[in-house]
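> If you scroll down you'll find the structure; I have some questions about it.
The values are calculated or read from the model by the stated rules, or taken from the named source; none is laboratory data. Note that the coordinates shown come from a computational prediction; the quantities given were computed from them, not determined experimentally. All Cβ positions, glycine included, derive from the backbone under ideal geometry; neighbour counts span all protein chains shown.
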Amino acid sequence: MLAGSACERGDKAEVARVDSVKNDSVFAALQKRGEMTMGVDQYTSMHRFEPLPDGGLIVLQRDSADSAGEATIRAHVRVIATAFAAGDFTSPEFVHATDTVPGTAVMSRLKGEITYAASDLPRGGEVRITTKNAAGVKAIHDFLAFQRMDHHAGM
């Protein structure tokens, strides 16, 4: 009986190890697709996805001074602000390797009621997302929560 218990514990440890490696490789693939989309190394960039009462905020910045990387991020936030305003969420769909990013179907449907404003920050840029529509706020919060989780990003 003890041998069975030890074996069970060993199997659980092996499953946890395999899950950890799988999650690491899934995250590494996400980071690579993010780099392809954003144009800068995701491991040396900071992402913040913050829900706000009227929408939210996406912040992308370099970890340290890097004028070329900062310019690339600033251009990227302008591109995604324009795409999102048009109801186009193919960029996050590609980065997250899914056809269904939470919140985006509603955000696309309500595109005329949601504003996306890109601005420069000292080491990158941000997109401020606002709406007066309650369903839009919920969709934005769902979108940002998914981004936070998948990018392993804090607020």
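> Quick one: in segment 133-155, which of the residues that are more than 12 Å from residue 103 (Cβ to Cβ) and modelled with pLDDT of 90 or more is surrounded by the most Cβ atoms within 10 Å (Cβ to Cβ)?
If we take residues in segment 133-155 being more than 12 Å from residue 103 (Cβ to Cβ) and modelled with pLDDT of 90 or more, then 133 is surrounded by the most Cβ atoms within 10 Å (Cβ to Cβ).
> Next question, about the same structure. Going by the structure shown, is residue 102 of a type outside the set (Ser, Thr, Tyr), surrounded by fewer than 21 Cβ atoms within 10 Å (Cβ to Cβ), touching an Asp or Glu at 6+ places or on another chain (Cβ under 8 Å) and outside any helix (DSSP H, G or I)?
yes
> For residue 128, are the conditions met, namely being within 18 Å of residue 60 (Cβ to Cβ) and either surrounded by 17 or more Cβ atoms within 10 Å (Cβ to Cβ) or out of contact with any strand residue (DSSP E or B) (no Cβ under 6 Å at 6 or more places or on another chain) (or both)?
yes
> Looking at 93, 113, 50, which one is at pLDDT 95 or above and under 24 Å from residue 27 (Cβ atoms)?
Only one candidate passes the filter, namely 50.
> In the set 79, 26, 40, 59, which member is part of a helix (DSSP H, G or I), closer than 19 Å to residue 123 by Cβ, hydrophobic (A, V, I, L, M, F, W, C) and at pLDDT 70 or above?
79
Condition check ((1) among the basic types (Lys, Arg); (2) surrounded by 14 or more Cβ atoms within 10 Å (Cβ to Cβ); (3) more than 20 Å from residue 149 (Cα to Cα)) across all residues:
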| site | (1), (2), (3) |
| --- | --- |
| 49 | no, yes, no |
| 57 | no, yes, no |
| 61 | no, yes, no |
| 71 | no, yes, yes |
| 74 | yes, yes, yes |
| 81 | no, yes, yes |
| 85 | no, yes, yes |
| 91 | no, yes, no |
| 111 | yes, yes, yes |
